[in-house]
Structure formats: C-alpha cells, structure tokens
Amino acid sequence: MAKSNKMFADKAFELIKELERSSQTIPPFDDDGVRQVLEEIKAIFEENCAQAANYSTSGDRTLWPLLNFRHAALQRNKRCLLTYLYQRLLRIKALRWEFGPIIPEDIKTSLCEPEVNFFNTYSKSLASYMRSIGDGQGIDLTGDLRPPKSLYIEVRCIVDYGKFELEDGEVIYLKKNSQHYLPRAQVETLVRQGILQHIT
Amino acid sequence: MFIQDLRQDFYNRLVGKRLLIIVNYDIDAICASKILQSLFKYDHMLYSVVPIMGLAGLQRAYNEHQGDVKFVLLINCGGCVDIVELLQPEEDVTFFICDAHRPLDVCNIYSDRQVCILGDPALEENIPAFESIFCQSEDEDSENDADDDVGNDSGAGGSDEEGSEKAQQPPAHKLSRLERHEQRIIKQRQRRTWENERDRIMFEYTQYSFYGRSTALTIFELAWKLSKDNMDLLWWAIVGLTEQLILGKIESSAYTLEIEHVQSHVSRLTNKTNDQSNTSASKINFENDLHLVLYRHWSVVESMRYSMYCACKMRLWTLRGEKRLHELLVEMGLPLVQARQMFSAMDLVLRQEFYKMLEKLAEKYGIPDIVYGSFTLNYGYRNRYAAADYVYGMLAILESVKKDKTPEDCFLEALDSLSRNHRDIMLEGIENAKLLLSSIFKQVQSSLEAHQVLSTGTFFYYILTEENTYFSYPYGLTLLAKFILNGHVAGSRSRQAPELPLIASCPVDVERGLCLLVGIPPVREDSPKNFFGKAFEQAASKCNAVILQDFFDSSLIQIRQNDMAKFLDALTVLLA
C-alpha cells in the first residue's frame, strides 16, 4: 500500500495544512481530498481485517506489530479528518457573527451541503437565544463584537450617500469627503458597507 | 453681532445641538476645526465638517445641508460677505462666524440675531458706526416718497398723485408749494451728501483686505476657558498662528504680541503636566528660531538658498550671491561637507552651535531679521518639529492635488496630518514642501535672469504661460509671487522699485482658458494690507472683463486669458 516516500495519513495531514494556509474566509470544501482519505482508511481497515482473520485461524503472532501500526495510522487519519471538519465548523460559526444570518453568495459556494445545514441550525439557535434574553426585547449580540470605547465615533464619508436619518429624527446629509461625529450604533452598518470610514 | 463670551454665548448654546462646520481651505482654519472637533467630542455633540473652497462652495455646502441644521459655524470664511444675503437662510438658522479675513462685512456686524461673529469688537479697526451707513427704514420710505414726488414734478403727468398726496396731508399743515419744494430739495441734498459720505466711509472701510487674529488661537482660548485645553490643542493653535506669520498674513509685531499670550499657555500647561512627564512625553518649547525653511529636515546650504528672506537679501540666485553664502559658511566655521548633508546628520557640536553662529554673523551679512521667536514640539526621542515645519508640510499637502486626488482629499489628509499618530503623512508633506520650495527658487532664478518681471510704471507684472503643478494653486502662486517681487526689488537699481506692487498670474485650466491672478503689496509697505481686492473689482467693471472673485482672499481672482491684456490696461489706468 505505502509507496516509496509516502506515509500513511499524508493525505489527511495535507488537508489540514491546506485549510490552515488558505487566506480566504473559508476555502472550498475539499471533496476529493476527503474521499481519498476515506478510501485510505477503508483500504487499511480491509487489510487489517484480512490479517486479523488469518490470525484467528492460524494463531500466528508475527503480524501483530504490523496490525497495531496500521491501526494507529487509521486512528490518525480519523483524527485529521475530524480536525478538518471541526476547524471548518469554527469558521462557519464566525461567519454567522460577522455577516449575519444570510451567507454571502460567494462563500456559500465553498460550503458543502451538511455545512449549510449546520449554519442554518446554528443561526436559528443563536437567534432564538438572542430573542430570549434582554427582558423580553432581545439583544443583538452580534452588534458589538468588541466593547465600544465611546458611544460616538468620528466618520468620514467615502461616497455620496445622500440623506441619512438618525433615530432621534436628526437628518444628516452624507456627502463625499465630509466628516461627521455620529452615534456609533446607528452608523455601524454604514461603516461595514464601506460608505463611511471610521477615523481614529 | 459680536460675541465676546465664547463660553456662554457660543459653546453652551450649542451643547446638545447638532452643528454644521464649514471650513475654508487654509491651515489656520484646519487647525481651528481640529481643536473644535476635539472639544465637541468631549461633550458628545454631533457635528459635520465640510471643507469648502470659495464662495460657490460655501453656497453649495449650505444648500445641501439646508433644512437639517439650525446652527452653522463658518471657519475662516464668510466674514467678508453678507451671509444672510448670500445664503438666504430660514429665520431660525443661526450662523456663527469665526473668520480671520478682514474687513468684516457691516451687515454681519450689525445683524442683531442671525449672524454672530466670534471675536472682540475692541480689536477691530474703524468699523463704521451704524448711523453712518444705515438709515432708518421709515426715513427711507418717506424719502422714497419724496424721490417719487420729485420725479413726478419734473415729469409731465404727475398731477394725480400730487393731488392724492395733498389730500392726505392734514389741512393744518398747509405749506405753499414753493416751501414744500424747497424742503424736499433740502432733504434731498442732505440725503445726497449723506450717501456720498456713506460711500466714502464704506470705501475706506473695504479698501484694504487684511487678516485679523488667528482663528485657531481664538478657538484655543475657548478651550482654555472651558478648562479642556491640552498640549495637542495648544500646538495646533501655534501652527495656526505661525501660518499667518509665514504666509505674511500678519505683521511680525502682531505676531510678537500674540506669542506672548501663547508662551504663558505653554508654561502653564508644561507645569501642569510636569509631575507625570518624562523625556518621551510631548513638550512644547519656546525658543528663538531662524527664518530658514525646514532646516531641521534639510541641509543647511539648501535651506538657506530656498528661504525667501535669506535668498533675497544675499541674492543667492547670482554667482556673487553663491560666493557670499560660501563666505558666510566659512566664517561660521561650517565645512561644506557638513553643510551639504542633512542637518540631522551633521556633527553634534556644529548642530548645537548652528543657531548661535548664524545669529552672530546675521548682522554682518545683512540678514538681521532672520531670528524670530517660535515654538518647537518634542515628542518621543527623535521627533522634533518647529511650528514652521508643520506649516510648510501642511501647505504641501494642501497643494498636492493630483488627477486621482481631489482638493477635498488633500484637505482631509492635512487634517489628519495634525494628529500625532499620522506622522508619516506629515513627513511626506515635508518632503513635498522641499520640492515645492526648490521649484519656486528655480522659477525665480530663471525668471529674474530672463527679465520676465515687467513694469507698467504703476505696478510689476509677471505672467506664467504654462500650467504648472506647483503654481496653479493659490498658495504656490502667492509664495512664488512674493519671492519674485522681493527678488526683483533686491536686484533692481530703480529707486521706485520697492514702492511698486506685483501682479502674478498662472493658467489653471488651459482648456477653459482660465488664469489665477494674485496681487502682492509693495515691498516697502510694512503692513500686509492688500488693496488689490477692490482694485481688481473696479478694473474689471471698467473694462468689462469677467473675473471670478470666488476666493475668500480678495487679492486672488480667476480671469479669462483673453481678458488679461484688457484687464491689465484698465488696472494701469486705475492705479496711476
């Protein structure tokens, strides 16, 4: 099974390294890689099975170390696969906090079916939790990921946006290259959309 | 209306309200707005800052925000025009004006509610009295009636109205027709003399344009009264004040008076923070400095050559001037190798003694005014800036308009460059300022050698025919024009030369044929008062040239290239 310079579980380890290296928010799910690892596991298992059967009939103990070694390789493959999936799940969770309940189209294509399902369920349970707290009104926990330093922020307008109404009825005309001092909570979305720029 | 108690009548009135701040494109205004912004931040007041360039920009900015804001603050703009007339605001909008441009428009001064000028009326010069320029509206009505009557009398068919008016008059007040006529004529004559007098007063008042107190300093004093001042705010105020000196907006005597106040603020704030200070904390020092541009960031030779004062006194663009500069360096004991490398890389001993050596020899080489009092900012272990360095750096940033960089971007960059955590922007600005200054010098050298400064007998003029990356902008052109005038006068044998002003022009938009035109007062005149604003206006109306007086600085105008010759002729006649 093992080729000249290839070890067991190389493929699985490659999967994790690939995930670690990628600079994207989440790289596409490596269907092919996962399948190859699964095949490897299957092959190892079948070989082990055959030899184990051989042992039970003949009682030949010489193959025992080999059996143990194969089993360890199989375990390692399994651990690597689980790590791969778990790390992706963590990233998907982070997605929910960053982008809200709807996955952006370009990211959606890199998720596999079960992952999308997981995202939806996670999103649902997060939403129901947020609704349950805060004295019946609910709190948007995703609003401030880091505790804000001040209630107001200084922003600079990067594009011509037009009028923007604050919660207290104050109307602000957002024009390119003007600078404003506004309540953080209300302009945060505009900052995320790239209309305003937060200046420090 | 003047507001003197800024804390009570300006700041406290605004707390909790939203404010629109309209800022002119100049360094003083940028510093002032920066100080204000940090004040407003402490009190969580909403504000919007809009940079504008010129009157049209002011109008546009106001119209866009119209209806949404009730309080508008104009920084270094709008003081010299009738704001209510220009913007036609709603009744409930209040304007606060903090403007260093003078003379202030009389309508702003005598507005009773809508326009508030931040400043002390005692500091203003000869504002015409209310009675001498405005007459009561009732008077005006009746006199208008009188005017009408006169018109009717001289006309043919005015008897109807004549009759009706007579009917209105009570019978007891019967006067003979002759007497009434006489009275009317007397009244009319009075009115005419009064009008002439008013025109004379107004002309005298608006004849010269000049600059008043630095806006940044005014705003800083507000911060001080609110006990919210700190080192950074003070530094920005100093930069604002220094700009006025460096660009020749105020006399050096006015500057000297102001720095005394500033110095007391410096020592107060230094003592306040003393207990927690260490060597790396920011510190402002008052010290005598040299009128050498950016010499802390440049080499001594280059800095001396590109400084206007030094270059003009020693005529450094000539071979003899160059020799004299070398003589000076020899006498100072400064080896050429050292003088040609960056100041910061010079030997420590030479660096420490540089100021003293130059001060000692200044008198001998005819450059006694090279010493002036200024401030330096220290922070960290390496960062040391003179206020003038900041001014030149910001100037270069403001002028660094490129294809993909609008003037607004430059404004915001200049605003950023004031904060200490954007040191890189300032350093880049200083590098650009070196390029600007050296290209000014080269331009001066080549134009003086080619005798491009021409005289009409009443003024000099100097016309650039090609668009230039440096001189197509107001600051660049003004600096160049000043340098050229001083250089030309220094090299001219004519006794009349120091008394003549200079007009310089440079195309800004070749396709549309537009030129920027700037007037510089004569060298001999001590005060920076500039009479060109009014003169341009009159010359243009005389020769029907279309000029665009859009800048808040009235000595800067835009004119069509085709009208230029006509306009200069008219100006020659006017100034003769």
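The values are calculated or read from the model by the stated rules, or taken from the named source; none is laboratory data. None of these values were measured; they are calculated from a predicted model. Every residue, glycine as well, gets a Cβ built from its backbone with ideal geometry; the counts of neighbours run over all protein chains shown. We work out accessible area using only protein heavy atoms, side chains counted, and drop any ligands, DNA or RNA first. Shrake-Rupley method; radii C 1.70, N 1.55, O 1.52, S 1.80 Å.
To the nearest 20 debye, what is the magnitude of the charge dipole of the protein assembly as shown about its Cα centre, counting +1 on the Cβ of each Lys and Arg and -1 on the Cβ of each Asp and Glu?
3840 debye
Between B and A, buried accessible area summed over both sides at probe 1.4 Å, in Å² to the nearest 100?
In total, chains B and A hide about 1900 Å² from solvent.
Where a ≥ b ≥ c are the square roots of the eigenvalues of the C-alpha gyration tensor, would you call chain A rounded, which needs a/c under 1.5, or, failing that, prolate if a/b is larger than b/c, or oblate?
prolate
Explain nothing, just the number: dipole magnitude of chain B about its Cα centre with +1 on each Lys and Arg Cβ and -1 on each Asp and Glu Cβ, in debye rounded to the nearest 20.
Charge dipole of chain B: 2700 debye, to the nearest 20.
Counting Lys +1, Arg +1, Asp -1, Glu -1, what net charge surrounds residue B:28 among other residues with beta carbon under 9 Å of its beta carbon?
Charge balance near residue B:28 sits at -1.
If you take the Cα Rg of region B:278-440 and divide it by 2.2 N^0.38 Å, with N the number of residues, what do you get?
1.10
Taking every pair of alpha-carbon atoms in region B:451-575, what share in percent sits in each 5 Å bin, from 0 to the bin with the longest distance?
Reading the bins upward from 0: 2, 12, 23, 25, 21, 12, 4, 1, 0.
Considering only the other residues whose Cβ falls under 13 Å of the Cβ of residue A:38, what net charge follows from Lys and Arg at +1 and Asp and Glu at -1?
Spelling it out: positives minus negatives among the neighbours equals -2.
Give or take rounding to whole Å, what are the principal axis extents of the alpha carbon atoms in the protein assembly as shown, in descending order?
Its Cα atoms span 150, 86, 59 Å along the three principal axes.
How many partner chain Cβ atoms sit within 10 Å of a residue's Cβ in peptide B:38-51, on average, as a whole number?
That average works out to 4.
What is the distance in Å between the Cα centres of region B:458-534 and region A:132-196?
What the calculation gives is 48 Å, centre to centre.
Among DSSP beta bridges whose residues both lie in the protein assembly as shown, state the antiparallel percentage, nearest 5.
65 percent
Using a/c under 1.5 as the rounded threshold, could you call region B:367-458 rounded, prolate or oblate? The axes a ≥ b ≥ c are square roots of the C-alpha gyration tensor eigenvalues, and prolate needs a/b larger than b/c, oblate otherwise.
oblate
Taking only protein heavy atoms and a 1.4 Å probe, what accessible area per residue, in Å², does chain B have with all protein chains in place?
46 Å²
Tell me, how many Å apart are the Cα centres for region B:407-437 and for region A:22-84?
That distance is 62 Å.
Based only on the alpha carbon positions, what is the Kirkwood hydrodynamic radius of chain B, in angstrom?
26.5 Å
Rounded to the nearest 500, what is the protein assembly as shown's calculated 222 nm mean residue ellipticity when only DSSP H runs of at least 4 contribute -39500 (n - 2.57) each, over all residues?
Per the formula, -16500 deg cm²/dmol.
With point charges of +1 on the Cβ of Lys and Arg and -1 on the Cβ of Asp and Glu, referenced to the Cα centre of the protein assembly as shown, which listed residue (B:544, B:576, A:54) lies farthest in the positive direction of the dipole?
Comparing the listed Cα positions along the dipole, A:54 ranks first.
How much of the accessible area of chain B, in percent, comes from carbon and sulfur atoms when a 1.4 Å probe is used?
49 percent
Over all residues in A:162-175, what is the mean tally of Cβ atoms on other chains that come within 10 Å of each residue's Cβ?
Mean shielding count: 3.
Net charge within 15 Å of residue B:534 by Cβ-Cβ distance, Lys/Arg positive one each and Asp/Glu negative one each, not counting residue B:534 itself?
-1
Would you list which aspartates and glutamates come within 19 Å of residue B:360, measuring only between C-alpha atoms, while excluding same-chain residues fewer than 8 positions from it?
B:287, B:289, B:327, B:331, B:369
Note the angle between two axes, namely the Cα long axis of helix A:10-21 and the longest principal axis of the Cα atoms of chain A, as a number of degrees from 0 to 90, rounded to the nearest 10.
Here the helix axis deviates by roughly 10 degrees.
Give me the tail of P(r) for region A:143-200 as a percent: Cα-Cα pairs with distance above 17 Å.
Looking at region A:143-200, the distances longer than 17 Å represent 30 percent of pairs.
Just order B:235-248, A:109-122, B:212-225, B:185-198 by mean Cβ neighbour count inside 10 Å, highest at the front, would you?
B:235-248, B:212-225, A:109-122, B:185-198
Counting only other chains, and only Cβ atoms inside 10 Å, what mean value do you get across the residues of A:86-94?
0
Go from 0 up to the bin containing the longest alpha carbon distance in region B:1-88, width 5 Å each, and give me the % of pairs per bin.
Whole-percent P(r) values from 0 Å outward: 3, 13, 25, 26, 22, 11, 1.
Please report, in debye to the nearest 20, how large the charge dipole of region A:10-132 is about its Cα centre when each Lys and Arg carries +1 at its beta carbon and each Asp and Glu carries -1 there.
Dipole magnitude for region A:10-132 comes out near 600 debye.
Mind ordering B:282-290, B:18-26 by average Cβ neighbours within 10 Å, highest first?
Listed from highest to lowest mean packing, they are B:18-26, B:282-290.
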